């Protein structure tokens with residue numbers, strides 16, 4: 001998380017709302033040598049204190065889950081390079097604006113019989129956002145195919161104990177400079193979801 005308080009002012013509720021809506025993040029676990037990293041879809045409960053996810057059974061993280069382990073789930077949002085020329089004021093330097101939320105807590109294995117329900121909830125959550133397309137359900141699988149796939153993954157539960165967010169949107173710049181950077185990002189930015197980031201900057 002960025003240390004500048006100017007970028008850390010969003011409420012826990014908004015950080016959780018952002019993470020819940022994204023539903024995809026980078027799971028990091030401390031290990032000997034480099035940290036273990038997995039990119040995972042997840043479901044965050046209404047209170048924001050439990051995230052459900054699954055891992056491939058052969059994932060090295062799974063081998064650490066004989067007991068709950070400390071983890072961090074990093075959820076990234078829109079981002080872009082910011083050219084100093086866009087501010088319209090002198091003596092600025094390049095930077096990168098972005099949104100990110102980190103969920104910290106403990107990850108544990110769940111009983112295998114919880115896996116079908118978890119997958120149904122995950123797919124239902126994302127399929128509902130594809131309307132008017134008829135939702136995919138596991139009932140569309142041919143007999144035996146789903147069972148074979150389920151044997152390759154394991155259900156997990158993350159108990160969230162801390163939520164931190166960085167919304168680096170140029171809040172430390174004069175308003176007109178921030179607007180200029182937002183326009184530059186919208187028209188010529190380098191990154192992801194540029195229009196969304198520009199809109200956030202204009203409203204910061």
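The values are calculated or read from the model by the stated rules, or taken from the named source; none is laboratory data. As the structure is a prediction and not an experimental result, all values here were calculated from the model. Methodologically, a virtual Cβ is constructed for each residue, glycine included, from the backbone with ideal geometry; neighbour enumeration extends over all protein chains shown.
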| task | Any chance you could count how many residues in the stretch 49-85 are surrounded by 14 or more Cβ atoms within 10 Å (Cβ to Cβ) and part of a loop (DSSP other than H, G, I, E, B)? | result | 6
| note | Residue hits (the stretch 157-186; more than 12 Å from residue 81 (Cα to Cα) and in a helix (DSSP H, G or I)) are 175, 176, 177, 178, 179, 180, 183
| query | What about residue 169, is it surrounded by 16 or more Cβ atoms within 10 Å (Cβ to Cβ) and at pLDDT 95 or above? | reply | yes
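Could you pull out the residue among 194, 109, 115 that is more than 30 Å from residue 70 (Cβ to Cβ), modelled with pLDDT of 95 or more and touching a helix residue (DSSP H, G or I) at 6+ places or on another chain (Cβ under 8 Å)?
On the way: 109 fails: more than 30 Å from residue 70 (Cβ to Cβ); 115 fails: more than 30 Å from residue 70 (Cβ to Cβ).
One residue alone meets the criteria, 194.
Matching residues to (1) out of contact with any helix residue (DSSP H, G or I) (no Cβ under 7 Å at 6 or more places or on another chain); (2) assigned to a helix (DSSP H, G or I); (3) surrounded by 14 or more Cβ atoms within 10 Å (Cβ to Cβ):
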{"residue": "89", "(1), (2), (3)": "no, no, no"}
{"residue": "98", "(1), (2), (3)": "yes, no, yes"}
{"residue": "128", "(1), (2), (3)": "yes, yes, no"}
{"residue": "132", "(1), (2), (3)": "yes, no, no"}
{"residue": "143", "(1), (2), (3)": "yes, no, no"}
| query | Do any residues in the stretch 107-121 that are on the phi < 0 side of the Ramachandran plot and without any contact (Cβ under 8 Å) to a residue 40 or more places away in the chain have Cβ atoms under 7 Å from those of residues that are surrounded by 17 or more Cβ atoms within 10 Å (Cβ to Cβ) and outside any helix (DSSP H, G or I), where the two are at least six apart or on different chains, and which pairs are they? | reply | none
| said: With the structure loaded, tell me whether residue 32 is under 19 Å from residue 109 (Cβ atoms) and assigned to a loop (DSSP other than H, G, I, E, B) or whether it fails that test. | reply: no
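For the stretch 43-56, state whether one or more residues are over 30 Å from residue 7 (Cβ atoms) and over 18 Å from the mean Cα position of the chain (by Cα). Walk me through how you get there before you give the answer.
If we filter the stretch 43-56 for residues that are over 30 Å from residue 7 (Cβ atoms), which is where we start, we get 54-56.
Cutting the leftovers down to over 18 Å from the mean Cα position of the chain (by Cα) gives us 56.
Looking through the stretch 43-56, at least one residue is over 30 Å from residue 7 (Cβ atoms) and over 18 Å from the mean Cα position of the chain (by Cα).
Can you tell me which residue among 93, 99 is free of Cβ contacts under 8 Å to residues at least 40 places away in the same chain and either touching a strand residue (DSSP E or B) at 6+ places or on another chain (Cβ under 7 Å) or within 21 Å of residue 1 (Cα to Cα) (or both)? I'd like the intermediate steps shown before the answer.
Working: 99 fails: free of Cβ contacts under 8 Å to residues at least 40 places away in the same chain.
After applying the criteria, what remains is 93.
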| request: Residue by residue through the stretch 20-29, note down the ones that are in contact (Cβ under 8 Å) with a residue 12 or more places away in the chain and outside any strand (DSSP E or B). | output: 20, 22, 23
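Kindly provide the set of residues from the stretch 171-197 that are within 21 Å of the chain's Cα centre (by Cα) and touching a residue at least 12 places away in the same chain (Cβ under 8 Å), ordered by number.
190, 191, 192, 193, 194, 196, 197, listed by residue number.
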| task | Working only within the stretch 10-48, note down all residues that are farther than 16 Å from residue 103 by Cβ and loosely packed, with under 12 Cβ neighbours inside 10 Å. | result | 32, 33, 34
